[in-house]
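Just so it is clear, none of the values below were taken in a lab; they were calculated from the coordinates. Worth saying up front: this structure is predicted, and the values here are computed from it rather than measured. Glycine gets a Cβ as well: all are built from the backbone with ideal geometry, and neighbour counts include every protein chain shown.
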Amino acid sequence: MQRWSSRLAGERGLDVRVHCPKPVVWTTDPDKLREVLVNLLHNAVQYNRQDGSIDVSAQTSDGWLDVQVHDTGPAFRGCIRPHFRAGGLLPGRPVAACPAELHAGLGLSIVKGYVGLLGGTITVDSKLGQGSTFRVRLPNAAAAA
């Protein structure tokens, strides 16, 4: 994933920064977590502005893994894809970026589904001109067992 994100981000002149105050060891489905992160990072690269930045943070708190992906893209401009209207990430909040014609829009659906299967939550905070922050919170599967 490091080479993938670095290469694509480099092509767009994006600065990718990872903030992890201490190593995180977590028990969860690694394939689903990888898909969640790849989709969020892909969107952060795809919908960012030229020479923008992406900040990724990971830390644990109160038995939860907290991962955030922030980009400096234009944020959401009121575009809501039809398949998100009934079950979006946050009620009444746009959850897919524009323009819709670039992709099928399945990435965030996959992310939402996998996060749910892992027992977690996902939220988005998007401000015009400041970008978007996706926050994924996952419980430790070892603690649940």
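Which of the aspartates and glutamates could be linked to K22 by a straight reach, that is with a Cα gap under 17 Å, when you skip same-chain ones fewer than 8 residues away?
D55, D62, D66
Going toward the positive end of the dipole of the stretch 1-69, with +1 on Lys and Arg Cβ and -1 on Asp and Glu Cβ, which of H19, S53, L33 do you reach last?
S53
K112: which lysines have alpha carbons under 21 Å from its alpha carbon, excluding same-chain residues fewer than 8 sequence positions away?
Cα-Cα hits under 21 Å: K32, K127.
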